[in-house]
1. Convert 20 °C to kelvin, take the viscosity as 1.002 mPa s, use the Kirkwood radius over C-alpha pairs of the range 85-154 as Rh, and evaluate the Stokes-Einstein diffusion coefficient in µm²/s, rounded to a whole number.
2. Can you tell which of GLU93, GLU120, GLU15 shows the greatest fluctuation in a Gaussian network model of the chain with Cα springs below 10 Å?
3. Quick one: work out Rg over Rh on the C-alpha atoms of the chain, Rh as Kirkwood radius.
4. In square nanometres, what is the average projected area of the Cα convex hull of the range 2-76?
5. Before I look further, what does the chain give for accessible area per residue, probe 1.4 Å, in whole square angstrom?
6. With each label point set 7 Å from Cα along the Cα-Cβ vector, what nm distance links ALA139 and HIS115?
7. With all protein chains present, calculate the accessible area of HIS118 using a 1.4 Å probe and round the result to the nearest 10 Å².
8. Which percent of the accessible heavy-atom area of the range 42-102 goes to carbon and sulfur, probe 1.4 angstrom?
Amino acid sequence: MQINLTVNGTDVTREIEPRVLLVHFIRDDLRLTGTHWGCDTSNCGTCVVLMDGQPVKSCTVLAAMADGHAITTVEGLANGATLDPVQQGFMEEHGLQCGFCTPGMMLTARALLDHNPHPEPLEIREAISGQICRCTGYATIVRSIQWAAEHSISAADTAEEEVRA
């Protein structure tokens, strides 16, 4: 079957097997290997990508279900050579350990900050609760997302500024 979608801002049309998972389509067909494949049971969250701005576990989504949607992978967060504040925050606050969970964490963080530009630590922990990091106690990840919140200009902030102007 043929699917048409947008991946990291680029229109993509491909012939696929109807049963292929989005995680495999992204990694194998598109060669975007930042999306990791972990547990096979949708428990770990390493495979999180954004579909129309919402985090989804790509190991539970058929690529055919992404037809007509916009997908963002970790490769799509940066704007050219400029890192997204979430990516920069993970560097600044040492949110990276082994890096396996990091792409999914970053995408979940971006969705959170787009929805809630100034989350409290508890809200951050709740947002990332569907993802497992086996290396940290999550403290550095939460600090990384807080750093990004302090250094982000979100869509909500921009709309708020436009209303005030």
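The values are calculated or read from the model by the stated rules, or taken from the named source; none is laboratory data. On a predicted model such as this, the values are computed, not experimentally measured, just so you know. Please note: Cβ atoms are built from the backbone with ideal geometry, for glycine as well, and neighbour counts cover all protein chains shown. Areas reflect the complete protein model, heavy atoms only, side chains present, ligands, DNA and RNA absent. Shrake-Rupley method; radii C 1.70, N 1.55, O 1.52, S 1.80 Å.
1. 187
2. GLU15
3. We get a ratio of 0.98 for the chain.
4. Taking the Cα atoms of the range 2-76, their convex hull projects to 4.2 nm² on average.
5. The answer is 52 Å² per residue.
6. If labels sit at ALA139 and HIS115, their model points lie 2.8 nm apart.
7. 120
8. Here carbon and sulfur together make up 52 percent of the probe-accessible area.
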